[in-house]
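Below is one structure; the comments refer to it alone.
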Amino acid sequence: MRVEQAEVEHYRAYLKDKYRPPSKGGNAGAWHQHVLRIGGENYSFLAAHAGKFVFKGETVSFDWDWDETKRFRNVVVDSVVAHRRDGSPVVRGSRGGKAWRIAETRLPARRSEWKD
């Protein structure tokens, strides 16, 4: 299925990968779940990018499909194209994959000060 040049009512990105402090590289390149609300319906996708794919005042076109339970509308990340106010298309965001983070963030203290 496809959504063509729809205006986004609400856009939010949630961190899905493990947290990293800014001193260790931060979370901008971590896996984020992006949720777009269009016409009262939510569409979501995972991307290894924290920034928005669509900004306010722009329209968006993308392909989407239902998940196995028919509850969630999953967007095909490679098909997301934003359209500026003048109608010119623009492609944003990191669309490649990356490994999930497996290490937990350590406390900024000596190991002897940790409380298990």
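The values are calculated or read from the model by the stated rules, or taken from the named source; none is laboratory data. If you're wondering where the values come from, they're calculated on a predicted model, not measured in any experiment. We place every Cβ from the backbone using ideal geometry, glycine too, and count neighbours over all the protein chains shown. The area values use the complete protein model at the heavy-atom level, side chains included, leaving out ligands, DNA and RNA. Shrake-Rupley method; radii C 1.70, N 1.55, O 1.52, S 1.80 Å.
Per-structure values
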read-out: Cross-link reach list, lysines versus Lys24, counting only Cα pairs under 24 Å and skipping chain neighbours closer than eight places; value: Lys16, Lys52, Lys98, Lys115
read-out: Distance between region 83-101 and region 27-81 - C-alpha centres, whole angstrom; value: 10 Å
read-out: At 1.567 mPa s and 4 °C, Stokes D of the chain from Kirkwood alpha-carbon radius, µm² per second; value: 81 µm²/s
read-out: Packing-based ranking, highest mean first, of 76-85, 1-10 given that Cβ atoms within 10 Å are counted; value: 76-85, 1-10
read-out: Bins of 10 Å from zero: percent of alpha-carbon pairs in region 52-116; value: 16, 27, 23, 15, 15, 4
read-out: Percent RCO, i.e. relative contact order, over the chain, from Cα pairs under 8 Å lying at least 6 residues apart; value: 26 percent
read-out: Per residue accessible area of the chain, 1.4 Å probe, in Å²; value: 69 Å²
read-out: Solvent-free Debye scattering, log10 I(q)/I(0), computed from the Cα coordinates of region 32-88 at q = 0.12, 0.14, 0.30, 0.31 Å⁻¹; value: -0.28, -0.39, -1.40, -1.43
read-out: Heavy-atom accessible surface of the chain: percent carbon and sulfur, 1.4 Å; value: 51 percent
read-out: Pairwise Cα inverse-distance average, inverted: Kirkwood Rh of region 1-69 (Å); value: 13.3 Å
